[in-house]
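The structure under discussion appears below in the form of structure tokens.
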Amino acid sequence: MDENEYKKIISKTFDIASAGYDSPELRFFENSADHLVSLLHLQAREMIMDFCTGTGHIPLKAGRFLTEGKVIGVDISEGMLQRARAKVAGSGIKNAEFICSDLESFHKDGSRVDIVTCAFGIFFLPDMAKALQTMKSFIRPGGRLVLTSFKAPFMEPQRSLLFNRLKRYTGTTPPPTAWDGINTEEKFFSFLKDKGFSGIRMSGNQCGYFLDKAEQWWNVIMYTNMRNYVIQLGEKDRMKFKEEHLKEVGELMEPGRGLWLNVEVLYADCTV
Ligand SMILES: C[S@@+](CC[C@H](N)C(=O)[O-])C[C@H]1O[C@@H](n2cnc3c(N)ncnc32)[C@H](O)[C@@H]1O
């Protein structure tokens with residue numbers, strides 16, 4: 001598949017996922033944005049760019065601190081940005097702007113910002129090294145690039161149960177992903193060091209929680225990139241698959257607590 005085709009699939013996936021992306025089942029994204037913004041120690045006049053901004057979790061949280069500054073969110077999915085714009089309009093925040101663009105082809109006037117953030121986005125880029133250089137080009141000397149990735153084991157054992165069962169239906173397992181290369185603190189650090197970054201501060205935070213029902217796990221699948229693996233099944237197979245998978249996931253429910261959704265997040269904070 002060529003790059004343009006891949007990016008069309010990604011933007012369509014997130015256009016569809018935008019309908020449920022802000023649902024309570026997926027609140028780990030918002031939990032992580034809270035933590036990331038606390039790491040930034042924002043000053044009122046700072047300028048921020050948030051790449052792969054999605055429905056604007058970071059701009060919404062950062063905008064409150066930037067009373068004399070600004071935050072620009074960039075995303076390839078217009079569906080995600082429509083949500084972001086609607087949320088900002090209802091929040092009273094006046095200093096957040098959203099632009100629909102592919103990260104790799106994004107252009108800006110020559111001015112640089114203080115901080116670039118990219119939460120759970122870098123691993124969607126076909127050329128992560130190029131994406132890093134693009135993001136770096138928008139940061140003033142001495143500014144910061146702050147990235148996040150999920151730490152393995154991520155959403156386990158549910159994800160393994162999902163992929164093992166899918167294999168029984170399709171005969172295939174998902175190919176390795178770019179995320180595999182940055183899913184531990186060591187790998188994420190080495191990846192950035194190899195690309196010429198220094199002064200890298202790594203940290204982690206548990207953003208997971210218990211889900212009340214196994215059915216909520218299905219929403220996590222359908223409103224994230226995991227949906228692409230499931231929709232390849234025909235309608236009839238998908239119904240059967242869902243029933244079988246939710247039964248096995250339901251067996252993981254802890255009495256009185258629910259279904260643990262493990263989402264440990266890695267934060268890489270680099271001075272440029
Ligand atoms: C998992 S979401 C993360 C959204 C947000 N940062 C958050 O933490 O909730 C990944 C986002 O990356 C965006 N994305 C993927 N590839 C992109 C690209 N090449 N350029 C810009 N955005 C991209 C998707 O549209 C999606 O909104």
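The values are calculated or read from the model by the stated rules, or taken from the named source; none is laboratory data. No experiment lies behind these values; they were computed from the predicted model shown. All Cβ positions, even for glycine, are placed from backbone atoms using ideal geometry, and neighbour counts span all protein chains on display. All accessible areas refer to the heavy atoms of the entire protein, side chains included, with ligands and DNA or RNA removed. Shrake-Rupley method; radii C 1.70, N 1.55, O 1.52, S 1.80 Å.
Observations on the model:
- Listed residue pairs exceeding 30 Å between alpha carbons, taken from Lys7/Lys151; Lys87/Lys193; Lys12/Lys236; Lys94/Lys151: Lys87/Lys193; Lys94/Lys151
- Total charge dipole magnitude, the chain, about the Cα centre, Cβ charges on Lys, Arg, Asp, Glu only, Debye to nearest 20: 220 debye
- Residues in region 213-252 average 55 Å² of solvent-accessible surface per residue, probe 1.4 Å, ligands and nucleic acids excluded.
- Subtracting the Cα-Cα distance of Lys236 and Gln82 from their residue separation scaled by 0.36 nm leaves 52.2 nm.
- Here the accessible area of region 112-218 is 52 percent carbon and sulfur, with a 1.4 angstrom probe and all protein chains present.
- For the chain, relative contact order (Cα pairs under 8 Å, six or more residues apart, normalised by length) works out to 21 percent.
- Solvent-accessible area per residue for region 147-189 (1.4 angstrom probe, square angstrom): 49 Å²
- For region 19-81, the set of GluC sites (Glu not before Pro) satisfying both a DSSP loop assignment and a count of at most 11 other C-beta atoms within 10 Å is given as Glu68.
- Solvent-accessible area of His41 with every protein chain in place, 1.4 Å probe, in Å² to the nearest 10: 130 Å²
- Taking 20 Å as the straight-line reach from the Cα of Lys240, the aspartates and glutamates in range (excluding those fewer than 8 positions away in the same chain) are Glu215, Glu248, Glu251.
- Region 102-249: proportion of alpha-carbon pairs further apart than 19 angstrom, %: 61 percent
- In the chain, inverting the average of 1/r over every pair of distinct C-alpha atoms gives 19.4 Å as the Kirkwood radius.
- Once all protein chains are placed together, Met253 keeps about 60 Å² accessible to a 1.4 angstrom probe.
- With all pairs of different C-alpha atoms in the average, the Kirkwood value for the hydrodynamic radius of region 34-91 is 11.4 Å.
- Taking 19 Å as the straight-line reach from the Cα of Lys108, the lysines in range (excluding those fewer than 8 positions away in the same chain) are Lys70, Lys130, Lys136.
- Computed over neighbours whose Cβ is under 12 Å from that of Thr170, the net charge equals +3, Lys and Arg +1, Asp and Glu -1.
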